[in-house]
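A short worksheet on the structure shown next.
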Amino acid sequence: MNTNIDNLNSVPKPKIFNQSTIFVEGWYWVLPSQSLLVGDIKSVTIFGKDLVVYRGKDRRAVILDAYCPHMGMSLAKGKMEGNELRCVLHHWKFDAEGICVDIPNLDEPVFLKAKTWPTAEQYGMIWVWTGETPQQPLPFVLDWENQEFDISLGSQFNISCHPHVLLLQGIDTQQINLVYKLPLKMVLEKQELNENAIIFNTITNIHGKSFWLNLYRRFFNNSVSYSVCYWYGSTCIVSFANESTHLHIIFTTRILPGGKTEGQTLLMSKKRKGFFGKLTNKLILKLGKKISDRLLKNNDRILQTMQFDFKTPIKADLSIIQFINHLEQQKPLRWESWLLVRSREREKEVVEERQKREKWRDELVND
C-alpha cells in the first residue's frame with residue numbers, strides 16, 4: 001500500500017473522536033433482552049439522558065423519556081397495564097407510542113405525548129436509536145446476509161478509557177503484533193460500508209506453538225480472514241473466518257461520565273447442523289469468550305493510565321487515522337440533550353430565531 005507519510009503527520013484536531021460530551025447518532029445497546037421480562041419497567045441512563053424501558057404483554061420493548069410530561073414524575077415507578085404504562089403520581093396512562101390515552105376523572109384525555117425513541121431487539125440485546133428516525137440498520141457485516149447464527153451473551157465491562165480509544169485497539173497492528181504477541185501478522189485494507197460503518201480486513205496466517213494456538217488452528221487451519229467492522233465508532237465487530245468456521249465477537253459500548261467506557265460483548269458463530277455441529281459451535285463460542293475476556297483484561301490494564309494524544313503518527317498507524325477520519329464525518333450529538341452539535345455561527349442563529357419567536361409571542365399576548 002502506497003502511503004504519503006507527510007499526510008500522516010497532519011492529523012486535524014478531532015471534534016468527535018475521544019470527546020466525552022459528544023457522540024454519533026446511531027444504534028446503541030441498552031440492556032440484554034433476557035433482563036427485561038414481560039411487565040418489567042427499568043430505568044437506564046444513556047449518554048446522560050434518563051430513559052425508561054419496559055416490556056408489555058405483546059413482548060415488545062419500548063423506550064421513552066424517564067419523566068412524565070405532566071409533572072415530571074419518574075415513569076419507572078409506574079405500573080404496566082397490558083401494553084400501556086400508568087404513571088404512579090396522577091395515574092395518567094401512556095401507550096407504546098407515548099400518547100396519553102387515559103386521565104382519571106376526565107372524559108377525554110388532553111393531547112399529551114411522552115417522548116419515545118426508536119427501539120429494536122437483535123443479537124439478544126435491546127437497542128435504541130438516538131435520533132428521530134433510524135437512518136441505518138443495526139450493526140452488521142456483509143457476510144451475515146441470509147445466514148443464521150448461534151449467539152451467546154458475553155461479558156459486561158467497564159474500562160477507564162474512552163470507547164473510541166478502546167475499540168481502535170482492534171486495528172492497532174503494532175499492539176496486536178508486539179504487545180499482545182498474538183499470532184497474526186497483518187496489513188489491513190479499508191472499505192467504507194456506508195457513512196456510519198467502516199471495515200478493515202486482511203488474510204493472515206496463525207504462527208506460534210501453544211495449546212490455544214493449536215486450538216485456533218483446529219478451527220481455522222493456518223490461514224484466517226481477520227476483519228474489524230466499526231459502526232458509529234462505538235460498536236466493533238471482530239471476525240475470524242475461513243471456509244468452514246466463522247467467529248464474530250461484538251464489542252458494543254457507550255460513554256460514561258468522564259469519558260469512560262461501559263460495554264457488552266456478544267459472540268456469534270454460523271449455525272451448524274447435527275449434534276456434533278452444535279457441539280462445535282459451543283466450543284467456538286466458548287473460545288470467543290476466552291479471546292474477548294483476555295483482550296478486555298489486557299486493555300483495562302494498559303489503557304487505564306493512558307492519556308491519548310496522537311502526536312507522532314507513522315505509517316503503521318494508517319488504519320487508526322482512517323478510523324478517526326471516517327468517524328469525524330458522522331452526525332454528532334450532544335451529551336444529555338441528544339441534540340445536533342451545530343457550528344458556533346448556527347448556534348447563534350438558532351438563539352436569535354428563538355428570541356424572535358418569544359418576542360412575537362409576547363407581542364401577541366399583549367395585543
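Say a paramagnetic label sat at a point 7 Å from the Cα of Glu121, along Cα to Cβ; which residues of region 23-51 have their backbone N under 14 Å from it?
30-42
Rounded to whole Hz and in sequence order, give me ³J(HN,Hα) for region 21-35 from the Karplus expression 6.51 cos²θ - 1.76 cosθ + 1.60, θ = phi - 60°, writing x for Gly and Pro.
After applying 6.51 cos²θ - 1.76 cosθ + 1.60, I find 10, 9, 9, 8, 4, x, 8, 9, 5, 10, 6, x, 4, 5, 8 Hz.
For an R0 of 35 angstrom, estimate the FRET efficiency from the Cβ-Cβ distance between Glu262 and Val110 and round to the nearest 0.05.
Efficiency at R0 = 35 Å is approximately 0.40.
Quick one: accessible surface of Arg334, probe radius 1.4 Å, all protein chains present, in square angstrom to the nearest 10.
Approximately 90 Å² for this residue.
When the Karplus curve 6.51 cos²θ - 1.76 cosθ + 1.60 is applied with θ = phi - 60°, which whole-Hz ³J(HN,Hα) does each residue of region 13-20 get, with x for Gly and Pro?
Coupling constants for region 13-20: 5, x, 9, 10, 4, 6, 9, 8 Hz.
If amide H atoms are built 1.01 Å from N in the plane of the peptide, which residues on other chains or at least 5 residues away come under 5 Å of the amide H of Gly131?
Amide H neighbours of Gly131, under 5 Å, 5+ apart: Gly26.
Show log10 I(q)/I(0) for region 286-343 at q = 0.13 Å⁻¹, two decimals, from a solvent-free Debye sum over equal Cα scatterers.
Normalising to I(0) and taking log10 leaves -0.66.
Put a dot 7 Å past each Cα toward the Cβ at Lys282 and Gln304; how far apart are the dots in nm?
It works out to 3.5 nm between the two label points.
So what does Ser292 come to for accessible area, using a 1.4 Å probe and Å² rounded to 10?
0
Between Trp335 and Asn83, how many nm apart are label points set 7 Å from Cα along the C-beta direction?
3.8
What are the GluC sites (Glu not before Pro) within region 18-117 that DSSP puts in a loop, where the Cβ has at most 11 other Cβ atoms within 10 Å?
Glu97
Go through Lys260/Lys290; Lys79/Lys271; Lys190/Lys260; Lys49/Lys93; Lys42/Lys190; Lys190/Lys289 and tell me which ones have a Cα-Cα distance over 31 Å in this structure.
Lys79/Lys271; Lys42/Lys190
Give me the number: length gained by fully extending Lys311 to Ser35, i.e. 0.36 nm times residue separation minus the C-alpha to C-alpha distance, one decimal in nm.
Residue separation times 0.36 nm, minus the Cα-Cα distance, leaves 95.0 nm.
If the only charges are +1 at each Lys and Arg Cβ and -1 at each Asp and Glu Cβ, what is the size of the charge dipole of region 1-125 around the Cα centre, to the nearest 20 debye?
320
At a 1.4 Å probe radius, which order do Lys93, Lys331, Lys282 fall into by accessible area, largest first?
Highest to lowest solvent-accessible surface, that is Lys282, Lys331, Lys93.
Just reorder Asp143, Asp172 by solvent-accessible area, largest first, 1.4 Å probe, all chains present.
Order by accessible area, largest first: Asp143, Asp172.
The values are calculated or read from the model by the stated rules, or taken from the named source; none is laboratory data. All values reported here derive from a predicted model rather than from experimental measurement. We place every Cβ from the backbone using ideal geometry, glycine too, and count neighbours over all the protein chains shown. SASA here: full protein model, heavy atoms, side chains in, ligands and nucleic acids out. Shrake-Rupley method; radii C 1.70, N 1.55, O 1.52, S 1.80 Å.
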